[in-house]
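Q: Let me begin by handing over the structure; questions about it come next.
The values are calculated or read from the model by the stated rules, or taken from the named source; none is laboratory data. All values derive from a computational prediction rather than experimental measurement. Here the Cβ positions follow ideal geometry from the backbone for every residue, glycine too, while neighbour counts run over all protein chains shown.
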Amino acid sequence: MHTRDLALIGSGAGGVESLRRSLVEPALARGWRVAVTLTPTAGSWLEHCGERDEIERVTGLPCRVAARLPTEPRPHPPADCYLVCPASANVVAKLALGIADNQALTAACEAVGEQAVPVVVFPRINAAHARHPAWSSHVETLRGAGVHVLAGPDSDLPWNAVLDVVDEVSGRTG
Ligand SMILES: Cc1cc2nc3c(=O)[nH]c(=O)nc-3n(C[C@H](O)[C@H](O)[C@H](O)COP(=O)(O)O)c2cc1C
């Protein structure tokens with residue numbers, strides 16, 4: 001049976017420090033293989049607290065931050081679903097504009113453009129982020145491209161509910 005591969009992209013927003021316990025391990029328990037890529041900000045935070053190594057230990061895959069060398073093979077398997085969680089306001093804006101200036105955004109922007117597998121984005125933002133004049137157009141742009149953008153500012157949606165959406169849009173329910 002094909003392993004279900006989840007590409008999980010974490011950014012420098014609230015809760016990323018508990019990414020392993022809140023999202024990676026629950027996704028593994030649901031039968032996903034989980035390949036984590038972090039923005040440079042999230043990468044430095046998780047490196048500092050030792051969580052990057054812990055994520056590699058539980059997933060059995062490299063926890064990526066940097067791009068591979070052109071001569072290196074792709075370190076992650078092809079994904080059946082992309083989940084950007086938590087998505088900073090910065091990541092949502094760049095994703096909407098197609099700015100792929102790090103490995104996490106490169107993977108996410110490609111997934112949005114390819115439209116081959118579902119892309120779920122859970123922004124972890126506050127009211128000020130949402131009041132930025134460009135915010136609503138970024139969300140509309142992504143939704144218009146078929147991206148599942150969940151919730152709004154200051155959402156207390158539990159990350160297990162985010163995984164329910166991942167399962168649902170990937171045809172994993174029932
Ligand atoms: C402790 C801390 C918590 C933060 N939490 C958030 C957050 O919840 N949402 C957000 O959009 N930005 C948050 N930021 C700001 C982002 O980390 C900052 O915009 C950063 O440039 C995002 O980089 P990235 O999107 O490449 O990960 C936080 C910053 C710090 C220092």
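Q: Checking CYS85 against (1) away from the ligand (no atom under 11 Å from the Cβ); (2) closer than 22 Å to LEU157 by Cβ; (3) touching a Cys at 6+ places or on another chain (Cβ under 7 Å), which single condition isn't satisfied?
A: Going through (1) away from the ligand (no atom under 11 Å from the Cβ); (2) closer than 22 Å to LEU157 by Cβ; (3) touching a Cys at 6+ places or on another chain (Cβ under 7 Å) one by one, CYS85 breaks only (3).
Q: Cβ contacts < 8 Å: first residue within 16 Å of the ligand (Cβ to nearest atom), restricted to segment 105-120; second residue among the aromatic types (Phe, Trp, Tyr), any location; separation 6+ or different chain. Result?
A: Pairs found: ALA107/TYR82; ALA108/TYR82.
Q: Follow-up. Which of the residues belonging to segment 1-33 are touching a Ser or Thr at 6+ places or on another chain (Cβ under 6 Å), surrounded by 24 or more Cβ atoms within 10 Å (Cβ to Cβ) and closer than 18 Å to LEU61 by Cβ?
A: ILE9
Q: Select from segment 1-55 the residues that are under 23 Å from LYS94 (Cβ atoms) and modelled with pLDDT under 95 and list them in ascending order.
A: Those that are under 23 Å from LYS94 (Cβ atoms) and modelled with pLDDT under 95: GLY14, GLY15.
Q: Across segment 113-122, what is the number of residues that are of a type in the set (A, V, I, L, M) and part of a helix (DSSP H, G or I)?
A: Count: 0.
Q: If you don't mind, another one. Among residues belonging to segment 34-67 that are away from the ligand (no atom under 13 Å from the Cβ) and small (Gly, Ala, Ser), point out the one that is nearest to the chain's Cα centre (by Cα).
A: Restricting to residues being away from the ligand (no atom under 13 Å from the Cβ) and small (Gly, Ala, Ser), the top hit is ALA35.
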